[in-house]
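Taken together, the values in this text are just the output of simple stated rules run on the coordinates, not laboratory data. All values reported here derive from a predicted model rather than from experimental measurement. Positions of Cβ are generated from backbone atoms using ideal geometry, with glycine treated the same way; all protein chains shown enter the neighbour counts.
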Amino acid sequence: MKLSYFPLMMNIRGRRLVFIGGGKVAERKINSLIRMEPKITVIAESVTDGIKNNSQVDVIIKSASADDIQGADLLFVCTDNRELNRKIAIEAKMKNIPVNAADDPELSDFHMPAVYIENDTGTVVSVSTQGREPSFSAKLRDRIAAFLSGE
């Protein structure tokens, strides 16, 4: 496998993150990002209770369209409609908006690694398989976290 993704740390505090889709995948990604204090907007026909009850997330209940991504700093497309995800991801690329397509790693400009953060020391460890095996990344992150915390 040819490596094409470079790991980097990005300050997302105050950045506008748009999620198209409000299911469990969106909720999981939002929960991993929320403590960095971005401005998160979710656009979906329905959302999970976790998203709906999160006071740090703006929710717009409607069918998503390409117009909804205007002004996004980062875009996450994670609906259960593969064609809609693809359409909006391509539109984002035409507007130079970095996109994470949950169901299509090849269409994604970035991926969400499995992350362990040690607040006391500021240590951040991330593990990625470039979007190919997220469950393996999570298992490895958990092993690293256990090692670092002395468990």
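Per-peptide packing, taken as the mean over residues of other Cβ atoms within 10 Å, places 82-93, 4-15, 20-31 in the sequence 20-31, 82-93, 4-15 from highest down. About its Cα centre, the dipole of the chain is roughly 180 debye, where the only charges are +1 on Lys and Arg Cβ and -1 on Asp and Glu Cβ.
Over 24 Å apart at the Cα level, from the set 87/139; 52/139; 29/62; 95/139; 39/95, are 87/139; 52/139; 95/139. Between residue 146 and residue 34, the modelled labels are 2.7 nm apart [label points 7 Å from Cα along Cα→Cβ]. Can you give the calculated 222 nm mean residue ellipticity of the chain, where each DSSP H run of n ≥ 4 adds -39,500 (n - 2.57) and the sum is split over every residue, rounded to the nearest 500 deg cm²/dmol? Using -39500 (n - 2.57) per qualifying helix, the result is -8500 deg cm²/dmol. Exposure proxy ranking for 121, 129, based on other Cβ atoms within 10 angstrom of each Cβ and starting from the fewest, stands as 121, 129.
The slack in the chain from residue 15 to residue 139, taken as 0.36 nm per residue of separation less the alpha-carbon distance, amounts to 41.7 nm. Considering only Cα atoms, the convex hull volume of the range 16-107 works out to 85 Å³ per residue.
Short-range pairs are left out: with C-alpha atoms under 8 Å and at least six residues apart, the relative contact order of the range 85-146 is 22 percent. When you count the other C-beta atoms within 10 angstrom of each residue and take the mean per peptide, 102-114, 54-66 line up highest first as 102-114, 54-66.
Entry note, the chain: relative contact order of 17 percent, from Cα contacts under 8 Å with a spacing of 6+ residues. Cβ-to-Cβ counts within 10 Å put 148, 140 in ascending order as 148, 140, the fewest first.
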